[in-house]
Structure formats: C-alpha cells, structure tokens
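Any read-out appearing in this document is the output of simple, stated calculations on the displayed coordinates, not a laboratory observation. Remember, predicted model here, so these are calculated numbers, not experimental data. Cβ placement follows ideal geometry from the backbone for every residue including glycine, while neighbour counts extend to all protein chains displayed.
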Amino acid sequence: MDRQLRVGISEFSGIEDASVRVIYGTVPDHADHEARSAHLRAVLPSADTALNEFLGLPSGLAPVPA
C-alpha cells in the first residue's frame, strides 16, 4: 500500500520525494459519536509524531491545537 499511495501522491501533486505512513484503526460503522471521538484522540498523537519525524522536528513537540 505504501508504494501505491506514494506514487499516487507524487503523480497528483508533482512532489517527487513523497513519503507515506499509514496510521489506522478500525471504528465500526455503528459506533456512536463518543467512540469515534475517542478513536480520533487515540490516533492523532501518532499522526503528530509521524509528521514531526517526516519534517525532522523533535518528537516531543506539542501537537497543533485543533
């Protein structure tokens, strides 16, 4: 999946050095709002860490407020 996403992003955006990190989890379709919100709160720190690593920033930086 990494290659397909990376190549697709590169071709679409014209950015040749694209990088992809898949951060995922499963939230059932029937999950209520609170379950979906809890899932997002659990996944966003991983996304912030991945972005900091990609940008070469220290991993301890606080996330950008929503």
Which pairs do you get when a residue that is within 13 Å of Leu5 (Cα to Cα), found in the stretch 15-29, comes within reach of a residue that is among the basic types (Lys, Arg), reach meaning Cβ atoms under 6 angstrom, with the pair 6+ apart or on two chains?
-> Ala18/Arg6; Val20/Arg6
Could you please find all residues in the stretch 30-47 being assigned to a helix (DSSP H, G or I) and either of a type outside the set (D, E, K, R) or in contact (Cβ under 8 Å) with a residue 60 or more places away in the chain (or both)?
-> His33, Ala35, Ser37, Ala38, His39, Leu40, Ala42, Val43, Leu44, Pro45, Ser46, Ala47
Within the stretch 1-28, count every residue that is in a loop (DSSP other than H, G, I, E, B), surrounded by 10 or more Cβ atoms within 10 Å (Cβ to Cβ) and touching a Ser or Thr at 6+ places or on another chain (Cβ under 8 Å).
-> 2
